[in-house]
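Taken together, the values in this text are just the output of simple stated rules run on the coordinates, not laboratory data. On a predicted model such as this, the values are computed, not experimentally measured, just so you know. Cβ placement follows ideal geometry from the backbone for every residue including glycine, while neighbour counts extend to all protein chains displayed.
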Amino acid sequence: MKFLMVCLGNICRSPLAQGVLESKIGSEHQVDSAGTSNYHVGQKPDKRSIEVAAQNGIDISHQKSRHFKKSDFEDFDIIYVMDKSNFEDVCQLTTDQGHRAKVKLLLSELSDPSLEEVPDPYYGGKKGFEEVYALVDKATDAIAKELIP
Ligand code: 4NP
């Protein structure tokens with residue numbers, strides 16, 4: 001399976017989601033991440049994301065931000081977005097119903113109606129990044145479990 005994690009800047013949430021999912025699944029699967037904006041293209045993840053990942057034994061420091069592109073709809077099986085605004089931005093790039101069907105809120109994997117969005121932690125403090133990690137950890141557990149035959 002090929003998974004794409006998407007957020008706005010591709011420096012805070014989706015790099016963490018990529019690194020955490022990669023750590024839980026086999027190398028026969030692929031994970032990448034991208035941003036709906038080009039604000040931080042080419043940059044490493046935010047140092048707060050690098051730090052919270054490292055505290056949990058995961059190295060995401062080699063990742064580089066890239067802009068979501070239309071060909072991602074063809075190249076990936078599932079496109080996980082962090083929030084509803086990412087969902088709108090990604091879906092606006094295609095009218096193809098098959099492409100749109102690949103786009104899911106990451107937290108929809110939790111089947112908990114009270115958890116819909118991974119909040120944007122960019123303008124907050126360290127605690128926000130720890131919350132993002134906890135949500136991403138739960139959701140990727142559910143994804144990894146589904147992959148076990
Ligand atoms: P991300 O967080 O979408 O989780 O990578 C953000 C990063 C940068 C900005 C906003 C959110 N920004 O406005 O530059």
Check: Given the pairs Lys70/Lys102; Lys64/Lys126; Lys70/Lys138; Lys104/Lys126, which span a C-alpha to C-alpha distance of over 23 angstrom in this model?
Finding: Lys70/Lys138; Lys104/Lys126
Notebook entry, point to check: Want the number for Leu110 to Tyr123: 0.36 nm per residue separation, take away the alpha-carbon distance, what's left?
Noted result: 2.1 nm
Margin query: Sort Thr36, Thr95 by Cβ crowding within 10 Å, fewest neighbours at the top.
Written below: Thr95, Thr36
Item checked: Proximal aspartates and glutamates relative to Lys44, as straight alpha-carbon distance under 20 Å, when same-chain residues fewer than 8 apart are discounted -> Glu22, Asp32, Asp59, Asp120, Glu130
Check: Which value in Å does the Kirkwood hydrodynamic radius of region 25-149 take, with 1/r averaged over all unlike C-alpha pairs and then inverted?
Finding: 15.7
Next item on the list: Please order Ile25, Ile50 by the number of other Cβ within 10 Å, starting at the fewest.
Entry: Ile25, Ile50
Next item on the list: Could you please state, rounded to a whole Å, how far the C-alpha centre of region 106-149 is from the C-alpha centre of region 24-79?
Entry: 15
Item checked: For a label point 7 Å along the Cα-to-beta-carbon line of Ala142, residues of region 89-132 with backbone N under 19 Å -> 101-120, 131-132
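Counting every Cα pair in region 1-54, what percent are over 17 Å apart?
Numbers: 491 of 1431 pairs.
Cα-Cα pairs of region 1-54 separated by over 17 Å account for 34 percent.
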Next item on the list: Loop sites only, by DSSP: take the trypsin sites (Lys or Arg not before Pro) in the chain that have at most 12 other C-beta atoms within 10 Å and name the longest stretch containing none of them.
Entry: 71-149
